[in-house]
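Only the coordinates and a few stated rules stand behind these numbers; no lab work does. Fair warning: this is a prediction, and the values are worked out from it, not measured in the lab. As a convention, Cβ positions derive from the backbone with ideal geometry for all residues, glycine included, and neighbour counts pool all protein chains shown.
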Amino acid sequence: MSTLITRVLVVDDYEPWRKFYSTVLGKQSCLQIIGYASDGLEAVQRAQELQPDLILLDIGLPTLNGVDAVRQIREVSRTSKILFVSENRSVDIIEKALSTGAEGYVIKEDAGNDLLTAIRVVLEGKRFISAGLAGHLLVATPLSTIQTVLSLAVSLISGIR
């Protein structure tokens with residue numbers, strides 16, 4: 001991560017998870033928690049007010065779920081990167097969450113190992129998905145990546161002949 005401080009909004013309705021984020025992110029000099037929200041509507045309000053660089057967002061929130069909250073957050077805080085951190089493993093829900101333009105998805109069970117890596121990857125402008133989910137999702141792959149892989153495969157096959 002760069003030497004600039006990344007301003008983070010944490011959105012989770014479960015206090016122990018907010019404490020977890022505070023502990024993990026608090027040890028990183030380049031990450032600063034600037035606010036908390038415990039439901040979807042509050043997340044939209046805090047995002048508009050604070051304009052965070054990164055939003056860590058749960059899906060199962062009261063008042064407005066995380067997926068619907070992102071749709072509204074995109075209107076009021078367009079440059080914020082969004083990383084879902086959720087217990088939800090439903091492929092349909094995860095694909096719906098990522099289709100909102102969120103940059104990543106971490107399963108809470110994997111957060112101890114994946115969270116800081118996911119944050120770094122997302123801040124670099126790339127997409128992160130917990131390893132336990134990657135094989136189950138049909139995540140859009142950029143055409144340029146497909147073309148590169150095909151080109152390498154053709155080169156390898158040509159070299160074998």
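Structure notes:
- The stretch 28-78: number of residues that are on the phi > 0 side of the Ramachandran plot and free of Cβ contacts under 8 Å to residues at least 12 places away in the same chain: 0
- Restricted to the stretch 81-102, and to residues there that are touching a Phe, Trp or Tyr at 6+ places or on another chain (Cβ under 8 Å) and over 19 Å from Gln32 (Cα atoms), the residue that is surrounded by the fewest Cβ atoms within 10 Å (Cβ to Cβ) is Leu98.
- Flag for Leu64 being surrounded by fewer than 21 Cβ atoms within 10 Å (Cβ to Cβ) and part of a loop (DSSP other than H, G, I, E, B): yes
- Of all residues in the stretch 25-53, those being part of a loop (DSSP other than H, G, I, E, B) and in contact with a strand residue (DSSP E or B) (Cβ under 7 Å, 6 or more places away or on another chain) number 3.
- For the criterion of being within 22 Å of Asp110 (Cα to Cα), out of contact with any His (no Cβ under 9 Å at 6 or more places or on another chain) and surrounded by fewer than 22 Cβ atoms within 10 Å (Cβ to Cβ), Ile33 passes.
- Residue within the stretch 112-127 that is of a type outside the set (A, V, I, L, M, F, W, C), part of a strand (DSSP E or B) and touching a helix residue (DSSP H, G or I) at 6+ places or on another chain (Cβ under 8 Å) present: no
- In the stretch 1-24, of all residues being hydroxyl-bearing (Ser, Thr, Tyr) and assigned to a loop (DSSP other than H, G, I, E, B), the one that is farthest from Thr117 (Cα to Cα) corresponds to Tyr14.
- Within the stretch 67-81, being outside any loop (DSSP other than H, G, I, E, B) and out of contact with any Leu (no Cβ under 6 Å at 6 or more places or on another chain) holds for Val67, Asp68, Ala69, Val70, Arg71, Gln72, Ile73, Arg74, Glu75, Val76.
- Residue within the stretch 13-26 that is touching a Leu at 6+ places or on another chain (Cβ under 6 Å), at positive phi and not hydrophobic (A, V, I, L, M, F, W, C) present: no
- Looking only at the stretch 93-111, and only at residues there that are in contact (Cβ under 8 Å) with a residue 40 or more places away in the chain and in a helix (DSSP H, G or I), the one that is nearest to Arg71 (Cα to Cα): Leu98
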